[in-house]
Each structure stands twice: as structure tokens, then as C-alpha cells.
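*Asks:* My structure is below; once you've seen it, I'll send some questions.
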Amino acid sequence: MQLYNIFYIDDTYGEPLCYQCTTDNPKKWLKEHNKQRIADGNNADKLEYFDIKNVCLLTYNKKGE
């Protein structure tokens, strides 16, 4: 499974990237994210407002160990 870290890009104030979440589906996450934004009275975000990075996940703990 491919995972992605999503960071908000603040072009207005030049703040550092702001972590939003880790997901396997950035487009589905954005749809859910925008539902909440609109419910809160804000405009919808676009995917280009975010820096999306691939995650390299390494797991070592196995169940029962």
C-alpha cells in the first residue's frame, strides 16, 4: 500500500509546511477535508494548496512479538 503525507503550503504568510495527515488516497482525503471546511463556512481547498510526499513505511514489530 502506498501512503502519502499531506502538508498545507502557506503562500500568504510564508509559514513552514503544516502537516495535515497521512493517507493512502489524497483525493478522497481532500473531498472529506473540504466537506468540513464548507460546513464551517470556508471555501474549498484545491489539491495544489498542499505538498504531498510519498511515505516510505518500514515496520519491524510483528503481532505476538
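*Asks:* How many Lys pairs in the chain lie less than 14 angstrom apart by Cα atoms, where the lysines are 8 or more positions apart or on different chains? Walk me through the intermediate numbers first.
*Replies:* Numbers: K27/K35; K27/K46; K27/K53; K28/K46; K31/K46; K35/K46.
For the chain, the number of qualifying lysine pairs is 6.
*Asks:* Shifting gears a bit: To the nearest 20 Debye, how big is the dipole of the chain about its Cα centre, given +1 on the beta carbon of each Lys and Arg and -1 on that of each Asp and Glu? Can you show the working numbers first?
*Replies:* Numbers: 9 positive and 10 negative charges, 86 e Å.
Charge dipole of the chain: 420 debye, to the nearest 20.
*Asks:* Explain nothing, just the number: relative contact order of the chain, from Cα pairs under 8 Å at least 6 residues apart, as a whole percent.
*Replies:* Numbers: 80 pairs, mean separation 25.7, N = 65.
For the chain, the relative contact order is 40 percent.
*Asks:* I would also like to ask the following. Tell me the angle of helix 26-39 to the major Cα principal axis of the chain, expressed in degrees between 0 and 90 and rounded to the nearest ten.
*Replies:* That works out to roughly 40 degrees.
*Asks:* To the nearest 500 deg cm²/dmol, what mean residue ellipticity at 222 nm is calculated for the chain from DSSP H runs of n ≥ 4 alone, each contributing -39,500 (n - 2.57), summed and divided by the residues?
*Replies:* Details: 1 runs with 14 residues, N = 65.
It comes out at -7000 deg cm²/dmol, rounded to the nearest 500.
*Asks:* Consider the candidate values (1) 12.7; (2) 13.5; (3) 11.6; state which one is Kirkwood radius over Cα pairs in Å computed from the structure displayed.
*Replies:* This structure yields the entry labelled (2).
*Asks:* What does the charge count around I6 come to, taking other residues whose C-beta lies under 15 Å from its C-beta (Lys +1, Arg +1, Asp -1, Glu -1)?
*Replies:* Details: positive: K27, K28, K31, R37, K46, K53; negative: D10, D24, E32, D45, E48, D51.
For residues surrounding I6, the net value is 0.
*Asks:* Ok, one more. Contour minus end-to-end for K53 and T12, with contour as 0.36 nm per residue of separation and end-to-end as the Cα-Cα distance?
*Replies:* Values: separation 41, 0.36 × 41 = 14.76 nm, distance 2.13 nm.
Separation in residues times 0.36 nm, less the Cα-Cα distance, equals 12.6 nm.
A short reminder: the numbers here are calculations on the coordinates, not readings from a lab. In this text, all values refer to a predicted model and were calculated from it rather than measured experimentally. Here Cβ is always computed from backbone atoms with ideal geometry, including for glycine, and neighbour counts include all displayed protein chains.
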